[in-house]
Amino acid sequence: MKIGKIVKVSGPLIVAEGLEDANMFDVVRVGKQRLIGEIIEMRGGNASIQVYEETAGIGPGDDVASTGAPLSVELGPGLIETIYDGIQRPLEEIRAISGNVISRGIEVPSISRTKKWGFVPIAKVGDKVIGGDFLGSVQETPVVSHKIMVPNGVAGTVEEIKAGEFTVLDVVAKVRAESGELKELTMMQKWPVRQGRPYKTKLSPDIPMQTGQRIIDTLFPIAKGGTAAVPGPFGSGKTVVQHQLAKWADVDIVVYVGCGERGNEMTDVLREFPELKDPRTGESLMKRTVLIANTSNMPVAAREASVYTGITIAEYFRDMGYAVAVIADSTSRWAEALREMSGRLEEMPGEEGYPAYLGSRMAQFYERAGRVQCVGSEGREASLTAIGAVSPPGGDISEPVSQATLRIVKVFWGLDSALAYARHFPAINWLQSYSLYLDRLSNWLDKNVNQNFKEQRADAMRLLQQESELQEIVRLVGVDALSPADRLVLEVSRMIREDFLQQNAFVETDSYTSYDKQYRLLNLLLTYFDLSKKTLAKGASLDAIFKIKVRDELGRAKHSDPEIYVQEYDRIKADMIAQLDAVVAAGGDE
């Protein structure tokens, strides 16, 4: 172990001499309390260290001991349902030791060393295995079967494998490498957080991640293995969107990273997730969730570690063949930590004081997402979808963090505080948002939903765009100055906004909508528009068209029961045609 001496302390940054032989990103222990730190820069024999705990009381002359290993996470049974801090320390265990306040320098294993897990072998004696192959499985929670994999870099023949109850440090299998060396394998492995876990090939992101949120799935879809940003000012509903994604997205595992968020927001997550019923399984949502809680009052430097910890755990579950979503809230706080550390390192600042490498650091995070063919003999497919919230000051997305994020991600769900204050949720602005996955997802949507899906989406977007333009005229001269055709556009656009895009997370029939129901519901509204245009052309009055009885049913259509909505929508459409025909037959009046 290499020992150095502190020569300078500047908040979370410490400079130590005598560590010439240490490596970049090695973990170090600082002072008598053995605070955790990481080497982020080497200048000659001096090492600059970012410390992940409060440095009060640390001064020049104190010892710094390098562990010689990079910052790594422990991977194995026991991850699911656990609440970690930014450097993968289990907060429940820490609380049991130090009470409600986290003591500095506390050392707790990330995964319990005493808990026993039921290991069921998958591989057999005599099998040839390579890194990524399944040795066995552990039923970690009622909904997650935790696959125990051969560590990367290990290959050979299984000489011994045992079934039974074991701790994560017990040897469960022995593999004889071609060199003759016998490898003893446990249920736990370690992985450096800054290094992406390997995969065979990256596949095209052409399968949508279904969220059940109509504005996302229909207008701005995200692919499995895709990347998305949710920027928005304070109070615009970023957390609402992320909770809905965590609850409803068709993924197997959710890794939720609270990166520098306010303590009360993180508390809401910690309280709500265990109580939320997972609609896929009927169990608590926590049964397939890993939470990483790094709040704004925790040391700034740990924000960066929390993001890397989250994505590494997500990659581990991806390697098992699962579809995983990592939700980071928010990457702006991480960027603020980078800015602070860059300033203390006296680096040349970039725009608004952020470091010049801000964009590349964020790209390193998002590029670890993807739909991949996993390592191992099976060639299984899996995906890791990365969704990052961005908190631009005052909602100004021209600031550096938002712009750097938008250059990287392929989906932009721009939140609008005006919509949120009007109680329109999700408060995603349909005129500012976009998805670059639409073309790649077209084949899947044509085959699995309807061939007219893309065309119907374009019609809806066209109406919403026309509404925006007409609203400018209405503000100047009033709605009465518009032609009947334009007033029809305004009315149907309002119906699309209120009866399709707006969703209530607290109403069971409205909180989640399947792709087929989304298509049929939007088709119902657009059919009303098309038929009304034809009725108008035949001399009917606009008031008569608006007064038909089926209008009320159109407004309630989104609440139709998932079991009977097809028949319900067909009946509404038939009634609509009959009632509009009656308007024409009556000579334009109802």
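Calculated FRET efficiency, residue 178 and residue 533, Cβ-Cβ r, R0 51 Å, to nearest 0.05?
0.10
For the stretch 1-67, take N as its residue count and report Rg(C-alpha) divided by 2.2 N^0.38 Å.
0.91
Mind checking the angle between helix 263-275 and the chain's longest principal axis? C-alpha axes, 0 to 90 degrees, to the nearest 10.
That helix lies at roughly 80 degrees to the long axis.
With labels modelled as points extended 7 Å from the Cα through the Cβ direction, what inter-label distance (nm, one decimal) is found for residue 377 paired with residue 5?
5.7
With charges set only on the Cβ (+1 for Lys and Arg, -1 for Asp and Glu), what does the dipole of the stretch 131-226 come to about its Cα centre, in debye to the nearest 20?
440
Using only alpha carbon positions, build the gyration tensor of the chain, then give the equivalent ellipsoid semi-axes as the square roots of 5 times its eigenvalues, largest first, whole angstrom.
Computed over the chain, the values are 51, 29, 19 Å.
List the lysines whose Cα sits under 24 Å from the Cα of residue 8, skipping any in the same chain fewer than 8 residues away.
32
Could you give me the percent of Cα pairs per 5 Å distance bin for the stretch 221-339, shortest bin first, beginning at zero and ending with the bin that holds the maximum distance?
The distribution over the stretch 221-339 is 2, 11, 22, 24, 22, 13, 5, 1, 0, given as percents.
With label points built 7 Å along Cα→Cβ from the Cα atoms of residue 67 and residue 43, find their separation and express it in nm.
For the pair residue 67/residue 43, the computed spacing is 2.7 nm.
Take the Cα gyration tensor of the stretch 383-467, multiply each eigenvalue by 5, square-root it, and list the three semi-axes largest first, rounded to whole angstrom.
Each semi-axis is the square root of five times an eigenvalue, giving 26, 19, 11 Å.
Report, in degrees rounded to the nearest 10, the 0 to 90 angle that the Cα long axis of helix 484-496 makes with the longest principal axis of the chain.
Orientation of helix 484-496: about 40 degrees from the principal axis.
For the chain, what does the accessible surface come to per residue with a 1.4 Å probe? Please give it in Å².
It amounts to 41 Å² per residue over the chain.
Order 113-124, 327-338 from most to least packed using the mean count of other Cβ atoms within 10 Å.
327-338, 113-124
Give me the distance between the Cα centres of the stretch 169-232 and the stretch 11-46, rounded to whole Å.
31
Given Cβ point charges of +1 (Lys, Arg) and -1 (Asp, Glu) and nothing else, what value in debye, to the nearest 20, does the dipole of the stretch 331-434 about its Cα centre take?
In debye, rounded to 20, the stretch 331-434 gives about 380.
Within the stretch 217-318, report the chymotrypsin sites (Phe, Trp or Tyr not before Pro) that DSSP leaves as loop and that have at most 14 other Cβ atoms within 10 Å.
Passing sites in the stretch 217-318 are 234.
To two decimal places, what compactness ratio does the stretch 1-134 give when its Cα radius of gyration is scaled by 2.2 N^0.38 Å?
1.31
Using alpha carbon centroids, what distance separates the stretch 265-312 and the stretch 536-570, in Å?
42
Go ahead and run the numbers for FRET between residue 101 and residue 275, Cβ-Cβ distance against an R0 of 30 Å, rounding to 0.05.
Calculated value: 0.70.
Nothing charged except the Cβ atoms of Lys and Arg (+1) and of Asp and Glu (-1): what's the magnitude of the dipole of the stretch 1-146 about its Cα centre? Round to the nearest 20 debye.
Computed charge dipole of the stretch 1-146: roughly 300 debye.
Under the 0.36 nm per residue contour assumption, what length would be gained going from the current alpha-carbon distance of residue 74 and residue 434 to full extension?
Between residue 74 and residue 434, full extension yields 125.9 nm more.
Give the residue from 117, 100, 139 lying farthest towards the positive end of the charge dipole for the stretch 83-171; charges sit on Cβ (+1 for Lys and Arg, -1 for Asp and Glu) and the dipole is referred to the Cα centre.
The one lying farthest along the dipole's positive direction is 100.
Of the accessible area of the stretch 210-294, with the probe set at 1.4 angstrom, what percent is carbon plus sulfur?
After summing per-atom areas, the C and S share lands at 48 percent.
So if I average 1/r over every pair of distinct C-alpha atoms in the stretch 68-146 and take the inverse, what Kirkwood radius in Å does that give?
Radius from the Kirkwood sum: 15.1 Å.
Could you order peptides 369-379, 349-359 by the average number of other Cβ atoms within 10 Å of their residues, highest first?
The most tightly packed comes first, giving 369-379, 349-359.
Just want the answer: with Cβ charges of +1 for Lys and Arg and -1 for Asp and Glu, which residue in 567, 536, 546 is farthest toward the dipole's positive end in the stretch 536-577?
So the residue we want is 536.
From the square roots a ≥ b ≥ c of the eigenvalues of the alpha-carbon gyration tensor of the stretch 137-200, which class results: rounded (a/c under 1.5), prolate (a/b over b/c), or oblate?
oblate
Give me D for the stretch 280-424 in µm² s⁻¹, whole number, from Stokes-Einstein with Rh from the Kirkwood sum over alpha-carbon pairs, 10 °C and 1.306 mPa s.
Value of D from the Cα-based Kirkwood radius: 93 µm²/s.
When the convex hull of the Cα atoms of the stretch 55-196 is projected onto a plane and the area is averaged over all directions, what value comes out in nm²?
It is 11.2 nm².
Give me the lysines in straight-line cross-link reach of residue 534: C-alpha distance below 28 Å, same-chain residues under 8 apart excluded.
454, 517, 547, 549, 558, 573
The values are calculated or read from the model by the stated rules, or taken from the named source; none is laboratory data. Because the structure is a prediction, the values reported are computed rather than measured. A quick note on method: Cβ atoms are made from the backbone with ideal geometry, for glycine too, and the neighbour counts reach across all protein chains shown. For accessibility, only protein heavy atoms count, side chains too; no ligands or nucleic acids. Shrake-Rupley method; radii C 1.70, N 1.55, O 1.52, S 1.80 Å.
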